[in-house]
Amino acid sequence: MKAGDIVQDFITERDVEKIIEQVLSKLEPVIEQVKPKEINMLPNKTNIDFSQNANGIFESIDLAVESALEAHIILTSYRLEDREKMIQSIRKEVLGDIENLARLVYEETKLGKYEDKIAKINLAASKTPGTEDIKTSAISGDYGLTIEEMAPFGVIGAVTPVTNPVETLINNAISMISGGNSVVFNVHPSSKKSSAYTVELINKAVLKAGGPQNLVTMVKEPTIETVNQLSSHPRISMMVGTGGPGLVKSLLKSGKKTIGAGAGNPPVVVDETADMNLAAKGIIEGASFDNNILCIAEKEVFVVNQVADDLIYNMLSNGAYMLNQEELEKVMKVTLVEDEDLGAKSCTLSLKKKYHVHKNWVGKDASKILSEIGIAKQDVKLLICEVDSDHPYVTLEQMMPILPLVRCSDVDEAIKLAVKAEGANKHTASIFSRNVDNMTKFARAINTTIFVKNAPTLAGVGYKGEGNATFTIAGPTGEGITSAKTFTRVRRCVLAEGGFRIV
């Protein structure tokens, strides 16, 4: 008796057909979700039902991560061109709702300027690279062909700041989805409402393009504890943190691949060859933009003494207000807090003491700061003051429209003091000069991720400058200007057949 005869004694042909029908009926819903061709066949959805957490907002990190993981698994079956359709849909939805987004984040955080938030959101939506950043490389030779492709990490955990919450979220989402990932955000608690609205908007855009629901998720009530839960979650493949040095150090302890975008304290050097009107306008534009809350914004100026008066004159002519010594002391009392562990407080401020910035004044208008010390003056873009190089406004990343100026004997002293003030953050620096040697000398000494010449530092992230935009500038971990390729891992495939070559 043959083996086939035994099988047929137990299972008839009709039995086999029934088993196949049962298996296919169970697999059909899954197949329908993951079929790549379906993305172009799904109708546009104008009324999205968010009742089943399709909006991406979850009560717990576990639910947010598991939903993002499910979305990522489905996304892996989609083509690169399908991802790009999702990205284009996100851009369209964001730009179509840009004024509302800016209003929401301005009203919730009470930081910066409404009109500048429109500009930042537009920058994030328009100039963050999409799937064009994902490129395959190939090597051929006598021993065959090798290709290297950029593969997703999987589910990324991302922590965003209060200074650029919506902008960072949009920027990260476009980059990470373009790289084939899903993402779980732990946003700053002070921006949770505007961030939740943005997450819903992005998921709506993805669904309209035929993509999976919950490709972007967040925890409804973000805390320090939820950050820890996210960074330690076994389903999270990569952590991305945009914030201060404490956050970056904390995430680096997670044991996962981590991209850290830390603090900056960008100095500006102005030498004797600079165009003073250009320098004044550029410095004011950058330092006053969104009331100086951007990490790339100019935070202190080191100017060669022989042209310092000329620079100050031009700055006053372009919307700056010079604080005298008495006004400076009053402004310091308002905007700075003496560190309490340094002993008893004096009734007067001493520059030998150490301070931190009063958080209630971060990102507030220059005219409001003046009003607090009894000066009624509108249309002031920026407060400037002459100080020594160890002044707290120089050494602190103060994120207020207050710009200290330090006179220097020559460009070499200016460079030396600028490097010290930058604090090895390796973030951003700029120079106004017509001397190429001075530009080169400063660039080599400061060693920052972004170095801008004769323009506001905003040019370093594509605002009125060439190059792509990012709101996650990874200096501490070295990735620099992040984009889609930053959130991928290289996979190599080798065909070791010399005969495959046609040359």
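The values are calculated or read from the model by the stated rules, or taken from the named source; none is laboratory data. Since this is a predicted model, take the numbers as computed values, not measurements. For neighbour counting, all protein chains shown are included, and Cβ atoms are generated from backbone atoms with ideal geometry for every residue, glycine included. Accessible surface is based on the protein model in full, side chains and every heavy atom, while ligands, DNA and RNA are left aside. Shrake-Rupley method; radii C 1.70, N 1.55, O 1.52, S 1.80 Å.
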Extension gain, E225 back to N277 (0.36 nm per residue minus Cα-Cα distance, nm): 13.8 nm
Distant-in-sequence amide H partners of T128 (H built 1.01 Å from N, under 5 Å): A469
Additional length obtainable on full extension of the chain from R492 to N324, 0.36 nm per residue less Cα span: 54.2 nm
Size of charge dipole - the chain - debye, nearest 20, with Cβ of Lys, Arg +1 and Asp, Glu -1, no other charges: 200 debye
Segment 363-503 - percent of accessible surface contributed by carbon and sulfur, probe 1.4 Å: 46 percent
Per-residue SASA entry for Y114, accessible area with 1.4 Å probe, Å² rounded to 10: 80 Å²
Note, ³J(HN,Hα) from phi for segment 314-319, Karplus 6.51, -1.76, 1.60, rounded to Hz, x at Gly and Pro: 5, 5, 5, 6, 10, x
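Leaving out ligands, DNA and RNA, and with a 1.4 Å probe, what % of the accessible surface on segment 158-231 is carbon or sulfur?
C and S atoms contribute 54 percent here.
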Local electrostatic count at G282 - Lys and Arg +1, Asp and Glu -1, tallied over other residues with Cβ under 11 Å: 0
Amide H within-cut-off set for T472, under 5 Å, with H built and near neighbours excluded: T482
C-alpha long axis of helix 276-288 to longest principal axis of the chain, angle in °: 60 degrees
Heavy-atom accessible area ranking, 1.4 Å probe, most first, across S483, S237: S237, S483
Neighbour net charge for V227 - beta-carbon separation under 15 angstrom, K R +1, D E -1: +2
Antiparallel bridges, percent of DSSP beta bridges restricted to the chain (to nearest 5): 30 percent
Residue order for Y143, Y393 - accessible surface, 1.4 angstrom probe, largest first: Y143, Y393
Net length gained if the chain between Y114 and N454 were fully extended (0.36 nm per residue, minus Cα distance): 119.7 nm
Convex hull projection area averaged over all views, segment 76-188, Cα basis, nm²: 8.3 nm²
Per residue accessible area of segment 83-220, 1.4 Å probe, in Å²: 32 Å²
Heavy atoms of E148 accessible to a 1.4 Å probe, total area in Å² rounded to 10: 50 Å²
Long-range HN-HN contacts of C408 with modeled amide H, under 5 Å: V303, V304, N305
With Cα atoms, 0 to 90° folded angle of helix 165-178 axis to the chain main axis: 40 degrees
HN-Hα J in Hz across segment 450-465 - Karplus 6.51, -1.76, 1.60, θ = phi - 60°, x for Gly and Pro: 10, 9, 10, 10, 6, 6, x, 5, 4, 4, x, 10, x, 8, 6, x
Residue-level accessible surface for K257, protein heavy atoms, 1.4 Å, Å²: 90 Å²
Segment 223-330 - accessible surface per residue (Å², probe 1.4 Å): 36 Å²
Average accessible area per residue (Å²) across segment 379-430 - probe 1.4 Å, nucleic acids and ligands excluded: 37 Å²
Net +/- balance of residues flanking G241 in space, Cβ distance below 15 Å, scoring K and R +1, D and E -1: +3
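Percent relative contact order of the chain, based on C-alpha pairs within less than 8 angstrom and at least six residues apart? Please list the in-between numbers first.
On the way: 1018 pairs, mean separation 98.4, N = 503.
Relative contact order here is 20 percent.
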Cα-based helix-to-principal-axis angle, 80-96 vs the chain, degrees rounded to 10: 40 degrees
